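Take a look at the structure set out below.
The values are calculated or read from the model by the stated rules, or taken from the named source; none is laboratory data. Since we're looking at a predicted model, the values are computed, not measured. Reconstructed Cβ throughout: ideal geometry from the backbone, glycine too, with neighbour counts over all protein chains shown.
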Amino acid sequence: MKRLTAMRQVVVAGLLGLGMAFAVQAQQAPAATPGSMPGIQSQNVLDLPKAAQEQIARDQTQPQNNAPVWREVNSTVEHYSAIKTPEAGVLIQQGGHQWQLFRNGVVTVFGGWLLAIAICAVGVVYLIKGSIKLHEGASGKMMLRFTRLERWSHWAMAYSFVILAVSGIIIMWGRYFLLPIIGGSAYGPLTLMLKNIHNIVGPFFTISVVVFFVLYVRDNIPNVRDLQWFLAGGKGSSHRFNGGEKLWFWFGVTVLGVVVSASGWVLNSIVPGIDYFTREQMQLANVVHGIGSILFMAMAVGHIYIGTIGMQGAYQGMSTGYVDENWGKEHHDLWYNDVKSGGDHRGQRA
Ligand code: HEM
């Protein structure tokens, strides 16, 4: 960022100098016509770039008006810069304006609504349905559902996700709901700190997703029973994970995990082998990251609901590793049968 700012200052200074030189020359030579400028004897005006010629001509008719220079600056054409990094000669990148409008408009507004709707929806479901209780009540007999490694990898992913979600929400919407309350002198440093935390926690989240994927993928292979589970409105037989959990695993953790991680690594500029991203690439990564993470958070709201207050006994499984046998029987009957007929905690026979 610092490098970009310094580059911009150099290019701005150069271009302003160019514009001013044209203006001064024009004032010194009020009656000159292109091709016979007294201030530019060493170089024929016709040899100058078109924009410079236009500027010289404009100064004759409207002194001080350097619109042609700025039109050229805003043309995304690469101009001279002593700095040799890619794009250093592009002072104003036009796409930046579109990106800003899209990010601060479409993404922020529709994304904000989506999250608000997701939160309200689980609230309404809870009010109408309440917590899903065990029909037969707890048996008191427990069975292993998640090993310690499986639980730790879930919680590593969940904690890092929540830190990223909270800091991301403040980075994206904090100016609307937090800035008016705590004021700029607190909001500025807080957001800067959260942004740095976000940048550091992001790569850990990616690593936790990879570990989680490796541990859980075997029991998330889709089959026709998952379709039946959806068609029956979220009911029916299932092995260790049901259709809804598999959708969350594949579309949530896997697809959105990859999309949000990959775009995040680009934004962090830590992609191995690539040490420079253009402004356009960063804007694209930003929009992909924003949309992906908003979808991810909206889905996570539903998952966290069902994993806590939405279903009796589910949280216990992920916190202690054990669930009540009646929970197993009622929510994952085929898995329960597999375990009871000699399978391990995944329901697999040796
Ligand atoms: C932070 C609060 C969270 C809570 C309370 C929570 C709770 C739970 C519980 C109770 C289970 C076990 C469900 C079962 O026994 O079938 C579970 C599984 C799972 N959780 Fe979470 N979770 C949280 C966050 C997350 C996040 C942020 C993600 C993804 C980024 C996630 C992804 C998963 C997945 C994929 C499974 C297993 C389902 C499968 O493999 O199909 N969880 N979670």
Identify, by number, the condition in (1) more than 30 Å from Trp335 (Cα to Cα); (2) within 16 Å of the ligand (Cβ to nearest atom) that Leu194 doesn't meet. (2)
Here is a check on your reading of the model: is Phe241 within 10 Å of the ligand (Cβ to nearest atom) and either touching a residue at least 24 places away in the same chain (Cβ under 8 Å) or touching a strand residue (DSSP E or B) at 6+ places or on another chain (Cβ under 7 Å) (or both)? yes
The range 308-323 residues that are touching a residue at least 40 places away in the same chain (Cβ under 8 Å), paired with ones that are more than 6 Å from the ligand (Cβ to nearest atom) and among the acidic types (Asp, Glu) (beta carbon under 7 Å, 6 or more apart): Gly313/Asp324
Filter result for the condition that a residue is more than 28 Å from Leu115 (Cβ to Cβ) and not assigned by TED's automatic domain parsing to the domain that holds Gly137, over Gly328, Gly321, Gly273, Gly347: Gly347
Does any residue in the range 199-212 that is touching a residue at least 60 places away in the same chain (Cβ under 8 Å) come within less than 8 Å, Cβ to Cβ, of a residue that is buried (at least 22 other Cβ atoms within 10 Å of the Cβ) and among the polar types (S, T, N, Q) six or more places away or on a different chain, and which pairs are these? none
Residue count, the range 131-155 (criterion: under 24 Å from Gly302 (Cα atoms), within 12 Å of the ligand (Cβ to nearest atom) and either touching an Asp or Glu at 6+ places or on another chain (Cβ under 6 Å) or of a type outside the set (Ser, Thr, Tyr) (or both)): 6
For the range 263-270, indicate whether the set of residues that are surrounded by 19 or more Cβ atoms within 10 Å (Cβ to Cβ), modelled with pLDDT of 95 or more and within 15 Å of the ligand (Cβ to nearest atom) is non-empty. yes
Could you tell me whether Ala285 is touching a residue at least 24 places away in the same chain (Cβ under 8 Å), under 18 Å from the mean Cα position of the chain (by Cα) and assigned to a helix (DSSP H, G or I)? no
